[in-house]
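Everything below concerns the one structure shown next.
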Amino acid sequence: MIHAGFRTDAGKKRRNNEDSYFILPGSNIYMVADGVGGHNSGELASRLAVGHIANELTDGRIPESEEEMKRYFSDIISKVNMEIWNESFLHSESKGMATTLVMAYIRKDKAFFINIGDSRAYIVRNGNIKQLTRDHTYTEELVREGSITREEARVHPDRNVITRALGGEIKVEADFYKVDIFEGDIIILCTDGLYGELEEDEILKFADRYENMTDLSRELTNEANRKGGNDNITVISLKI
């Protein structure tokens, strides 16, 4: 059994909400996307991404084999990437649009994650929180090279520069992750509007405080707004 809650908010500084999310509870699929681009094209890109992926998933059966499953999801990502890429060339106002994507698929005692960009998946277990995905950002590359520290990355002027996005290039490769899950685990999918305002220990504090996932998603969003609300905020919270 999975208990799910979600919340999205434009934040305090943005006029439009360019985040999108989608939940397919019957398939245990959960998606969060954060669009980028001028005008309203970021909003369009994120909406196209989750909508097209949802349509692809409802038309087919997810393979049992993990290798076949990875290939299945990769094919969907490639197809959706091309649709966003083509859309950006058909309409000049949407040129350059792209979107991040983080998706969770939960099957039995395992959770599978697909990640492109800097939207994140966290897991909370036994009073600890761990980021499951790796950001595709310029500063993350600098951190991994040892050029800057994690603390320096949080205030780096190029911290929002994304190095990989859905629709950003003619071909894109997603990262795949798999974790074992246990009763009581909480999985949080979110855009950078959340973690850009809240440290991990603050997210953990709220996860430990709220049993109801709708309440958790709402209060995390509210706290991000209280801390500044500098970006759109989207949260999906799942309790196993």
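Key figures
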item	result
Subset of the range 144-179 [closer than 27 Å to residue 73 by Cβ and part of a helix (DSSP H, G or I)]	144
Leading residue by the ranking (nearest to residue 239 (Cα to Cα)) among those in the range 182-198 that are in contact with a strand residue (DSSP E or B) (Cβ under 6 Å, 6 or more places away or on another chain), crowded, with 20+ Cβ neighbours inside 10 Å and not hydroxyl-bearing (Ser, Thr, Tyr)	186
Search result, residues across the range 127-143 that are assigned to a loop (DSSP other than H, G, I, E, B) and surrounded by fewer than 13 Cβ atoms within 10 Å (Cβ to Cβ)	127
Index of the failed condition, residue 193 passing every other in (1) small (Gly, Ala, Ser); (2) closer than 18 Å to residue 119 by Cα; (3) part of a loop (DSSP other than H, G, I, E, B)	(3)
The lone exception for residue 72 - which of (1) farther than 19 Å from residue 173 by Cβ; (2) without any contact (Cβ under 8 Å) to a residue 40 or more places away in the chain it fails	(1)
Filter pass, residue 222 being part of a helix (DSSP H, G or I) and either of a type in the set (S, T, N, Q) or in contact with a Pro (Cβ under 6 Å, 6 or more places away or on another chain) (or both)	yes
Qualifying residue in the range 168-179 (condition: crowded, with 19+ Cβ neighbours inside 10 Å, over 21 Å from residue 99 (Cβ atoms), in contact with a strand residue (DSSP E or B) (Cβ under 9 Å, 6 or more places away or on another chain) and touching a residue at least 12 places away in the same chain (Cβ under 8 Å))	no
Extreme residue, surrounded by the fewest Cβ atoms within 10 Å (Cβ to Cβ), among residues of the range 1-16 that are in a loop (DSSP other than H, G, I, E, B) and touching a strand residue (DSSP E or B) at 6+ places or on another chain (Cβ under 6 Å)	2
Selection within the range 49-69 - in contact (Cβ under 8 Å) with a residue 60 or more places away in the chain and crowded, with 17+ Cβ neighbours inside 10 Å	49
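One line per residue, one yes/no per condition, for (1) among the acidic types (Asp, Glu); (2) surrounded by fewer than 22 Cβ atoms within 10 Å (Cβ to Cβ); (3) within 20 Å of residue 203 (Cα to Cα); (4) out of contact with any Cys (no Cβ under 7 Å at 6 or more places or on another chain):
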| site | (1), (2), (3), (4) |
| --- | --- |
| 84 | no, no, no, yes |
| 87 | yes, yes, no, yes |
| 108 | no, yes, no, yes |
| 114 | no, no, no, yes |
| 121 | no, no, yes, yes |
| 125 | no, yes, yes, yes |
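Every read-out reported here was derived from the displayed coordinates using simple, explicitly stated rules and does not represent laboratory data. Since the model is a prediction, treat every value here as computed from it, not as a measurement. All Cβ positions, even for glycine, are placed from backbone atoms using ideal geometry, and neighbour counts span all protein chains on display.
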